[in-house]
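Peer 1: Input: one structure, supplied below.
The values are calculated or read from the model by the stated rules, or taken from the named source; none is laboratory data. Bear in mind that the values here come from a model prediction, so they are computed numbers and not experimental data. Every residue, glycine as well, gets a Cβ built from its backbone with ideal geometry; the counts of neighbours run over all protein chains shown. Heavy atoms of the whole protein, side chains included, go into the accessibility calculation; ligands, DNA and RNA do not. Shrake-Rupley method; radii C 1.70, N 1.55, O 1.52, S 1.80 Å.
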Amino acid sequence: MRASRPVVHPVEAPPPAEAAGAVAAEAGGAPAAHVENAQPRGVRMKDPPGAPGTPGGLGLRLAQAFFAAAALAVMASTDDFPSVSAFCYLVVAVILQCLWSLSLAIVDIYALLVKRSLRHPQAVCIFTIGDGITGTLTLGAACASAGITVLIGNDLNICANNHCASFETATAMAFISWFALAPSCVLNFWSMASR
């Protein structure tokens, strides 16, 4: 059986930039000062949207802080949340989430103002570990609160005696805060793994 073989045609290599400038000068044209779209060696690609120090990263951090603060405010507006440990855990987790997100938002604002990239290996490692810890705590607290909310509302049918709507709203805000945290955590982990 005969397999077909691709046909290869030799291609001339383009002349180096110095030679192109000399040829242009001999032809009476202006010498080429630089080659368009050529990246110098050692230059990193742009930061992906949502990475620390980018406008997308700042937006994610502000969204995390906003939804964590909303969950805290809604849960704190009820007077009977301290009686359930899962709701207390949610309050502590969203306080930590809000503080972490606001502090990194300040770092992002600083990086944007001075036009610096936050790709330093130790900084990316701290961001990744912090995002992982706060994300795990927030997701765990939101899941525990959702379980208690379902227990109170559906299984025990005692929503008339409790603030079920407030509990459900605070739990939903905590989940949305975690959904805003997940891309930040993945992008930081990706940046840390690709160095």
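Peer 1: Tell me, please, whether a residue that is among the polar types (S, T, N, Q) and assigned to a loop (DSSP other than H, G, I, E, B) can be found in the stretch 146-161.
Peer 2: So far as the stretch 146-161 goes, yes, one or more of its residues are among the polar types (S, T, N, Q) and assigned to a loop (DSSP other than H, G, I, E, B).
Peer 1: For the stretch 112-120, check the following and say yes or no: at least one residue is at pLDDT 95 or above, out of contact with any Phe, Trp or Tyr (no Cβ under 6 Å at 6 or more places or on another chain) and among the small types (Gly, Ala, Ser).
Peer 2: no
Peer 1: Have a look at Val92, Val74, Val23 and point out the one that is assigned to a helix (DSSP H, G or I), open to solvent by 60 Å² or more (accessible area, probe 1.4 Å) and modelled with pLDDT of 85 or more.
Peer 2: Val92
Peer 1: Go through (1) among the hydroxyl-bearing types (Ser, Thr, Tyr); (2) over 14 Å from Leu60 (Cα atoms); (3) assigned to a helix (DSSP H, G or I) for Ser117 and report which single condition fails.
Peer 2: (3)
Peer 1: To continue, here is another question. For Pro121, only one of the following conditions fails: (1) surrounded by 14 or more Cβ atoms within 10 Å (Cβ to Cβ); (2) touching a residue at least 60 places away in the same chain (Cβ under 8 Å). What is its number?
Peer 2: Single failed check for Pro121: (1).
Peer 1: Hey, another quick one. Is there a residue in the stretch 144-160 that is without any contact (Cβ under 8 Å) to a residue 60 or more places away in the chain and over 23 Å from Asp79 (Cβ atoms)?
Peer 2: So far as the stretch 144-160 goes, no, none of its residues is without any contact (Cβ under 8 Å) to a residue 60 or more places away in the chain and over 23 Å from Asp79 (Cβ atoms).
Peer 1: What number of residues within the stretch 127-144 satisfy the criterion of being closer than 10 Å to Gln97 by Cα and buried (at least 18 other Cβ atoms within 10 Å of the Cβ)?
Peer 2: Residues in the stretch 127-144 being closer than 10 Å to Gln97 by Cα and buried (at least 18 other Cβ atoms within 10 Å of the Cβ): 6 in total.
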